[in-house]
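Worksheet: the structure to be examined is printed underneath.
The values are calculated or read from the model by the stated rules, or taken from the named source; none is laboratory data. Nothing here was measured: the structure is a model prediction, and the numbers come from that model. As a convention, Cβ positions derive from the backbone with ideal geometry for all residues, glycine included, and neighbour counts pool all protein chains shown. Heads up: the accessible areas ignore ligands, DNA and RNA and are worked out on the full protein's heavy atoms, side chains in. Shrake-Rupley method; radii C 1.70, N 1.55, O 1.52, S 1.80 Å.
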Amino acid sequence: MIAKRTRHLAVVVALPAALALTVGASSQAVAQGTGAFQINLAQLNNSGSKGTAMLSLQGRQLTVKIESEGLVPGQPSAQHLHGSTDGHDFHCPDASDDTNGDGVLNNTEATVDYGNINISLTTKGPTDMMSGLAVDRMPVANAQGKLSYERTIPVSQDVVDHIKDLHIVQHGIDRNDNKKYDFEGAGKSELDPKLPQEATAPTNCGEVLGAAVGSIPVGGVETGTGPVEEDGAPAAVLGAGGAALVATAGALALVRRRKNVLAAGRAGDNGAAA
């Protein structure tokens, strides 16, 4: 009986160590400027847009890859990393943030939730906040409304340290379904009256899911609604850290089984003694 209890205690003691190892390894990787982070882009403004993005860190070099669809064909899509590098919690907005009730979630309304621009994901040139509306340097969707983007950008240590607090937003909607940005669809942009609202309103948004995930699915985007699950475990946590979590879950199940065995054994011993 003592041997059984000793093995039970060893498993219980091992659980916090396994969890600490998982969290510690993930934190250390980010601190050293390494790691891969997946973002699933889900539609805003009933745009039908979705996508998958990957953020990969090597030191202070950030590689951003995006595959998205449901964008306005042949039109540039302004896109940015939004969020905070000082600990504030931002997240993707929803339709309830349309505070003026005009049926369009504009950028000013959404910024309350997803924060200011941290990095402008341009195809060339500067990537600072001032390039947020540099539509001549933003990627353009093809005739099917699909967009592929990849760029490696030097970033600050603050971005490295807070990469999990950032998220991607793409902009550009087609309210009147005429396959272009115009003023008839939703009027003027509140950011720049020279631009139509359709050009600056957010079309999708996605938050970082986790570290050590796989690459963008081959053949394009399959879904933008959430991480794929495998045997009940989100794909975002599978990998080095995810394996430790799965192993920990297995250990917990083992503890529960051993508790049941011990309880049954005690009951049997009591019955025999009686």
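For the reader, a short list of remarks on this structure follows.
- Residues that are open to solvent by less than 20 Å² (accessible area, probe 1.4 Å) and in contact (Cβ under 8 Å) with a residue 40 or more places away in the chain, drawn from the range 108-132: Ala110, Tyr114, Ile119, Ser120, Leu121, Gly132
- Only one of the numbered conditions (1) under 24 Å from Ile153 (Cα atoms); (2) touching a strand residue (DSSP E or B) at 6+ places or on another chain (Cβ under 9 Å) is not met by Asp86, and that is (2).
- Across the range 133-142, not a single residue is classified as closer than 11 Å to Leu81 by Cα, open to solvent by 40 Å² or more (accessible area, probe 1.4 Å), at pLDDT below 95 and in contact with a strand residue (DSSP E or B) (Cβ under 7 Å, 6 or more places away or on another chain).
- Qualifying residue in the range 72-85 (condition: open to solvent by 50 Å² or more (accessible area, probe 1.4 Å) and either of a type outside the set (A, V, I, L, M) or under 17 Å from Ala42 (Cα atoms) (or both)): no
Each row is one residue, and each column tells you yes or no for (1) among the aromatic types (Phe, Trp, Tyr); (2) within 19 Å of the chain's Cα centre (by Cα); (3) more than 22 Å from Asp177 (Cα to Cα).
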{"site": "Met54", "(1), (2), (3)": "no, yes, yes"}
{"site": "Gly59", "(1), (2), (3)": "no, no, yes"}
{"site": "Gly74", "(1), (2), (3)": "no, no, no"}
{"site": "Gln79", "(1), (2), (3)": "no, yes, no"}
{"site": "Gly87", "(1), (2), (3)": "no, yes, yes"}
{"site": "Asp102", "(1), (2), (3)": "no, no, no"}
{"site": "Asp113", "(1), (2), (3)": "no, yes, yes"}
{"site": "Ala134", "(1), (2), (3)": "no, no, yes"}
{"site": "Met138", "(1), (2), (3)": "no, no, no"}
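- Of all residues making up the range 31-71, the number that are surrounded by fewer than 18 Cβ atoms within 10 Å (Cβ to Cβ) and β-branched (Val, Ile, Thr): 2
Quick grid of which residues meet (1) among the basic types (Lys, Arg); (2) open to solvent by 30 Å² or more (accessible area, probe 1.4 Å); (3) out of contact with any Cys (no Cβ under 8 Å at 6 or more places or on another chain); (4) modelled with pLDDT of 90 or more:
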{"site": "Val169", "(1), (2), (3), (4)": "no, no, no, yes"}
{"site": "Arg175", "(1), (2), (3), (4)": "yes, yes, yes, yes"}
{"site": "Gly187", "(1), (2), (3), (4)": "no, no, yes, yes"}
{"site": "Glu190", "(1), (2), (3), (4)": "no, yes, yes, yes"}
{"site": "Gly206", "(1), (2), (3), (4)": "no, no, no, yes"}
{"site": "Ser215", "(1), (2), (3), (4)": "no, yes, yes, no"}
{"site": "Pro227", "(1), (2), (3), (4)": "no, yes, yes, no"}
{"site": "Glu230", "(1), (2), (3), (4)": "no, yes, yes, no"}
